[in-house]
1. Hey, got the dipole for the chain? About the Cα centre, +1 on K and R Cβ, -1 on D and E Cβ, debye to the nearest 20?
2. Could you work out the relative contact order of the chain, using alpha carbon pairs under 8 angstrom and six or more residues apart, expressed as a whole percent?
3. Given a cut-off of under 8 Å on Cα pairs at least six residues apart, what relative contact order in percent is computed for the range 71-180?
4. Give, rounded to the nearest 20 debye, the magnitude of the charge dipole that the range 1-114 has about its Cα centre when Lys and Arg contribute +1 at Cβ and Asp and Glu contribute -1 at Cβ.
5. Towards the positive end of the charge dipole of the range 77-185, with charges on Cβ (+1 Lys, Arg; -1 Asp, Glu), say which of S139, V114, T180 has the farthest Cα.
6. Which cross-chain or sequence-distant (5 or more) residues have an amide H under 5 Å from the amide H of V114, H modelled 1.01 Å from N in plane?
7. Report the semi-axes of the equivalent ellipsoid for the chain in whole Å, largest first, where each axis is √(5λ) for an eigenvalue λ of the Cα gyration tensor.
8. Name the trypsin sites (Lys or Arg not before Pro) in the range 1-105 that are in a loop by DSSP and that have at most 14 other C-beta atoms within 10 Å, would you?
Amino acid sequence: MEVSRALERCGGAARRPALARLGVDDAALRRAVRSGVLQPDRGLYALPTAPAGLIAVLRNRELLTCSSAAGHYNLWCLSARGLRHVYHRRQSAVGDEAVHHAGLLLPPASIRPVAALADVLIHALRCLPLKESLVMVESAVTRGDMTVGFLRDRLEGRRNGKARAVLQWVDGGADSLLETLARTYFRQAGIDVQTQVYLEPGTGGIHRPAAGRVARG
C-alpha cells in the first residue's frame, strides 16, 4: 500500500509495525520521507496534517483509552475533551500530561494506538462519574458490541464496586445519549419508566407485550 494512504488509514501517523501490517516496507518508507512524509521520532512516521495529539501518543508509546478512545469506537461520550486518557506500562512515563490507566485484558487495535473496546469501557467504569461511563457502556451494549455480563465478570472484588454499580443502570434500549440520561435520572428518582413505548397511530394506545416489557417502536 502507498505510504500516504496507509498513514491516512492510521489517522495521519503511525509507527513502523502498524505500517508493516498494511503492507508498507522499509524501502517505501525511505522514499516517502524523501518525498515529504515526516519522521517525528525513530520508527514514527506522519503526514504533515497529522494531529499533534496522535503524534504525542505514538511518540510516548501510549494507547488511548477511557473517554479519549470513545471517538474511535463511535461511543456516546460526555467528556472527550481535557487531559487525554491513556494506557502505558509505566505510570511514570505518562506524568501529568495525561490520565494514566493500568492493566489490559485484550490486545489493542491493530493499526491505531487505541485499547480494545472492553478495556476502554472497563477503564471508563473505573475512572469516570456514573453518567459519563454509563453512556459509553450503553452505546456499546445497544449496538451489540458488548454485554453487561462480560464487563461484570471482569470487574470482581471490592475495588470494582463503583464500576459494577454503574452497570445496574444499563438498559440497552436507548436510541440516544439523552434518552439514556433521562431514563436513568427518572429511575434514580423512583419514577417508573417504560422505554421504547409504541403508540398506536391515531389512538394514543400503548402496546405492551404479554411478558410485560414494552414493545420497541
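The values are calculated or read from the model by the stated rules, or taken from the named source; none is laboratory data. Remember, predicted model here, so these are calculated numbers, not experimental data. Please note: Cβ atoms are built from the backbone with ideal geometry, for glycine as well, and neighbour counts cover all protein chains shown. Surface accessibility is based on the protein's heavy atoms, side chains included, excluding ligands, DNA and RNA. Shrake-Rupley method; radii C 1.70, N 1.55, O 1.52, S 1.80 Å.
1. In debye, rounded to 20, the chain gives about 620.
2. 13 percent
3. The value is 24 percent.
4. In total the dipole reaches around 220 debye.
5. V114
6. Under 5 Å from the amide H of V114 lie the amide H atoms of L64, A109, each far enough along the sequence or on another chain.
7. Those come to 41, 21, 14 Å.
8. Here the sparse-neighbourhood loop sites are R42, R81, R89, R90.
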